[in-house]
1. From the phi angles alone, apply the Karplus equation (6.51, -1.76, 1.60; θ = phi - 60°) to region 172-179 and give each ³J(HN,Hα) in whole Hz, x where the residue is Gly or Pro.
2. Neighbouring Cβ atoms within 10 Å as the yardstick, rank 400, 50 fewest first.
3. Per the helix-only calculation at 222 nm, which mean residue ellipticity applies to the chain, given -39500 (n - 2.57) for every DSSP H run of n ≥ 4 and division by its residues, nearest 500 deg cm²/dmol?
4. Rounded, prolate or oblate: which fits region 178-230 when a ≥ b ≥ c are the square roots of the eigenvalues of the alpha-carbon gyration tensor, with rounded for a/c under 1.5 and prolate only if a/b beats b/c?
5. Take each of the peptides 32-40, 311-319, average the number of other beta-carbon atoms within 10 Å over its residues, and list them starting from the highest.
6. Using mean Cβ contacts within 10 Å as the protection proxy, how do 367-378, 13-24 order, highest first?
7. Under a 5 Å amide H to amide H cut-off, with H placed in plane at 1.01 Å, what residues pair with residue 165 once short-range neighbours are removed?
8. Cα gyration tensor of region 44-140, axes a ≥ b ≥ c as square roots of the eigenvalues: rounded (a/c below 1.5), prolate (a/b > b/c) or oblate?
Amino acid sequence: MYHKGRRILHVDLDAFFVSVEQALNPVLREKPVIVGGEPGSRGVVASASYEARAYGIYAGMPLKAAQRLCPGAIFLKGSFHRYRAASSRFMAILAEFTPQLEPAGIDEAYLDLTGFEPLYGATLETALLLQQRIKSEIGITASVGIASSKLVAKVASNLAKPDGLLEVQPEEERLFLAPLPIASLPCVGPKTERALKGMGIITVGQLASVPASILKDNFGALGQVIYRYAMGIDQRGIEPPQAAKSISRETTFIEDTLDMPFLKAVLHYLSERVGTELRRGGRRARCVTLKLKYADFDSITRNRTLRESTNSDEAIFDVGIKLLEGALSQRRQLVRLIGIGVSSLIGDERQLSLLNSSMERWERLDRVIDRIRSRYGFTAIQRGQTLPLKEVFPTENGDYMLKTPSLSH
Ligand code: DCP
Ligand code: CA
């Protein structure tokens, strides 16, 4: 609930993609480094070190322009699985402080530490500890803003960058925001900024003195948000993500197929994806669903409920392949899409009845594979069952490039 004494933290990692690369390769530290791609290529800057920013380089700028500004910069293509792994470790550290945690992107999150002070000391001290842990365990710096609202905490962390910490005391939000340029407010994008400047409004303080009706007339519903934010009013609470009720992965083929070894390999790969996500969330499933779309777009699903819950790739695949064979024996037609999912999810309590069973062996193997993949990428270790994929799909950044790499949930 909203009240003036809330202590909300916004934590944001500095130059995230670049920092992950620098943590892994000390040669890159304290240099102008850009993650985005080869300097001659058509891409844009994803992340720039603060040394590179001194040359006027920023995220979203074409790589060619960045190279013109700083020919000596080091350009890296980057690797998303490394960033995802660092992000998981970052969120895991935050989660040790409080379950009142809301991830707001790959490298930022809000935490509500209201009521912590009697037990854990000043919020500022807790924030320092948090920064230290991130630095020592992941090797990268984070900036933190503390305030009574998400809005002011975010503006504060931005202002503190890099490696900074800024606390805005209750009742001082408006004073804190007043001298800042209007673009400091998250709701003011480039278009709104231009329009406001056209009205002679440069600072948040000036914005706060404009009558609400004028902002509403000019910007509609956004005008109301702008007005409240300019006054430092933001009552939004922390919303921890709801656990998913089901997890699924599917892919559409470039060419419709009935090639069984290939379908099996894809199904295995998708089962591994689903299993990995289940284990990452510390959960198990009791229901497995197979989805097929035939060449004529006719779509079917088949599911089976298990006697015991599982989070093993092999167990998911095992059910999936039986459902696939069953479905194809009813209708043998070229397949356009295949998918596999799990539902009836429960927490990952250890099941004693499983000890020494084949399920236990499968699960032990999954844990070993997960560890390797979280470090070196998905294709760093592969199961024999997915080998046919190697000939069909190129790999990039440690993963297969399926036709629909952004598999659906
Ligand atoms: N990102 C991207 N393309 C963009 C902006 C960001 O790919 N146009 C990616 C790369 C960033 C990451 O998201 O490292 C986090 O985005 P941020 O906006 O937080 O930027 P940084 O973490 O790089 O820098 P800062 O220190 O300003 O937070
Ligand atoms: Ca960041």
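Every number here is computed from the coordinates shown, using simple stated rules; none is lab data. It should be emphasised that the depicted structure is a prediction, and the values quoted were computed from it without experimental measurement. FYI the Cβ positions are ideal-geometry reconstructions off the backbone, even for glycines, and counts take in every protein chain you see.
1. Each residue's phi maps through the Karplus curve to give 9, 4, 5, 5, 5, 6, 3, x Hz.
2. Values: 400 20, 50 17.
Going from sparsest to densest Cβ surroundings: 50, 400.
3. Taking each H run of at least 4 residues, the total per residue is -12500 deg cm²/dmol.
4. Working: a/c = 1.34, a/b = 1.22, b/c = 1.10.
Rounded, because the longest to shortest axis ratio a/c is under 1.5.
5. On the way: 32-40: 20.6, 311-319: 23.7.
Peptide ranking by packing, descending: 311-319, 32-40.
6. Details: 367-378: 15.3, 13-24: 22.8.
Highest to lowest by the protection proxy: 13-24, 367-378.
7. 144
8. Working: a/c = 2.90, a/b = 2.34, b/c = 1.24.
Prolate is the answer for region 44-140, as a/c is 1.5 or above and a/b outweighs b/c.
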